[in-house]
Structure formats: structure tokens, C-alpha cells
Amino acid sequence: MFNEIASRYDFMNRFLSAGIDVTWRKKAINQFKGQTINSLLDVATGTADMAIMAARMLHPDKITGIDISDKMLEVGRKKIENQHLNSKIELFSGDAETINFPDGTFDGVMVAFGVRNFENLEKGLKEIFRVMKPGGLFVVLEFSKPRIPGIRNLYNLYMRYICPFLARLFRQNTRAYQYLNESAQAFPDRQLFVDILNNTGFSDTKCKQLSLGICCIYTGRKR
């Protein structure tokens, strides 16, 4: 499904969010400011939007991106090459639930709009925890369900009907954008996800709402 939408994935993200997803991504990456980040892992990197942005904002020695969609990675590699970041960013085919790196490899790990796609959420989080260095920071950017009644109704209308309609209009895989809503609705957001992070072993866990609760940034540390 993600392979099918890879070629216009970035365009649809900007279009469907009216560009606000760029602001969300920058706020998520800003969580690493003030940290010593030499090696950074971007899980479910997709077309490498977060990896490229983090390279510009944080200037780490190395960013590694993993994703299960080969077509998404192809698009990401082209973007990295066009921006002359080959020496900084490397992308691999990889599953969040079986990360092919030794224990304690990365100073930080980030996931943008990807944790809701983990087949086994806790298994994926445990793998992320494993490959982090002690004291490392984990940052998650993910959709959440707004709680303000009017906003919640508009959000549900947009996600359930308008997004798939616009996808069809642009000849995109409509099912992919139906799945976007279904996976966002099913995701255990806010305190539920914080509790899962705590149970996985993360400490100093926090949740910050963005844009009236449409999206949240979660952070946690490896003890």
C-alpha cells in the first residue's frame, strides 16, 4: 500500500495538512535540541522527510533511516542525493520490530507518523529501547483524537470522508487514506501511549498536544 503512494506521498502530506505537518515535524525534532546527538535513528523513515530535516536542524554525525517500503526508500534516497546529504544520511530496508543494529547504538530515536503502523506496538518499542544508548531520547510524532467536541467532529469528518475523496481526486490509493483514519482512530493516544512507554522501560515520559489535539509529541528516555 505504501509502495503504491510513494511517488506522491510528500505532496499529499503537504496538501492534506495544508503544510502544517512541516511545523509538527520541526517541533518534534526540536525536542533533541540541547542533547548530544551524534547518531540518530529514524524509524519508519518513509521518504526521509524527518531525516533530512533533522540533518539540517541538529547536525548529527550520522542519521540512519529504516522502513519496510522499498518504494518510499527509493524516493528518500533521491531526495538525500539531491540535497547532497549522502555522507550524513543512510537508508535501509528494515522493520521496527527487528532492528538490525546492536544494543546501545543510537543517541536518539525518532518516529513520525509510524508507530501506529507497528504490527506489534510493544515489540517495536522494546526494539527501539534496545538500540538506544543509556540516557538517549526517544521522540514520537503521531496523530491523536481531538477531545474538543466541535473540533473532534470536524476532524472525524475530514479524516473519514474528505481525505479519501481528495486521494481519489489525485488518483491515489483511496484505501491508503481510509487506513490513515482507521489506524489513527485505533492508536492508543495520550496517556494510554505514555503508559505503554512507561511499561516498556522508558522514563521521564511526556505528551504534548499540537493543533488542538490533532497531533501529539511523545518523549521518553532510556534509563
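The values are calculated or read from the model by the stated rules, or taken from the named source; none is laboratory data. Worth saying up front: this structure is predicted, and the values here are computed from it rather than measured. Quick reminder, even Gly has a Cβ in these numbers, built from the backbone with ideal geometry, and neighbours come from all protein chains shown.
Among the residues of segment 95-113, those identified as of a type in the set (G, A, S), within 27 Å of S144 (Cβ to Cβ) and at pLDDT 95 or above are G108, A112.
Considered as a group, the residues in segment 95-104 that are of a type in the set (D, E) and in a loop (DSSP other than H, G, I, E, B) include one that is nearest to T47 (Cα to Cα), and that residue is E97. The set of residues in segment 184-199 being touching a residue at least 24 places away in the same chain (Cβ under 8 Å) and either in contact with a strand residue (DSSP E or B) (Cβ under 8 Å, 6 or more places away or on another chain) or of a type in the set (F, W, Y) (or both) consists of A184, F187, D189, R190, F193, V194, L197.
Taking the criterion of being in a loop (DSSP other than H, G, I, E, B) and either among the acidic types (D, E) or surrounded by 15 or more Cβ atoms within 10 Å (Cβ to Cβ) (or both), the residues of segment 105-124 that qualify are T105, F113, G114, F118, E119.
The sole residue among E142, E127, E90 that is surrounded by fewer than 17 Cβ atoms within 10 Å (Cβ to Cβ) and either touching a residue at least 60 places away in the same chain (Cβ under 8 Å) or out of contact with any helix residue (DSSP H, G or I) (no Cβ under 8 Å at 6 or more places or on another chain) (or both) is E90.
Within segment 59-78, the set of residues being without any contact (Cβ under 8 Å) to a residue 60 or more places away in the chain, closer than 15 Å to T45 by Cα and over 17 Å from the mean Cα position of the chain (by Cα) comprises K62, R77, K78.
When restricted to residues that are within 17 Å of the chain's Cα centre (by Cα) and acidic (D, E), segment 96-106 contains 1. When P102 is tested against (1) exposed (fewer than 15 other Cβ atoms within 10 Å of the Cβ); (2) under 24 Å from P60 (Cα atoms); (3) out of contact with any helix residue (DSSP H, G or I) (no Cβ under 9 Å at 6 or more places or on another chain); (4) not hydrophobic (A, V, I, L, M, F, W, C), only condition (3) is not met. Being surrounded by 12 or more Cβ atoms within 10 Å (Cβ to Cβ) and either among the charged types (D, E, K, R) or more than 22 Å from the chain's Cα centre (by Cα) (or both) is the filter here; which residues of segment 148-164 pass it? Result: I151, R152, L154, R160, Y161, I162.
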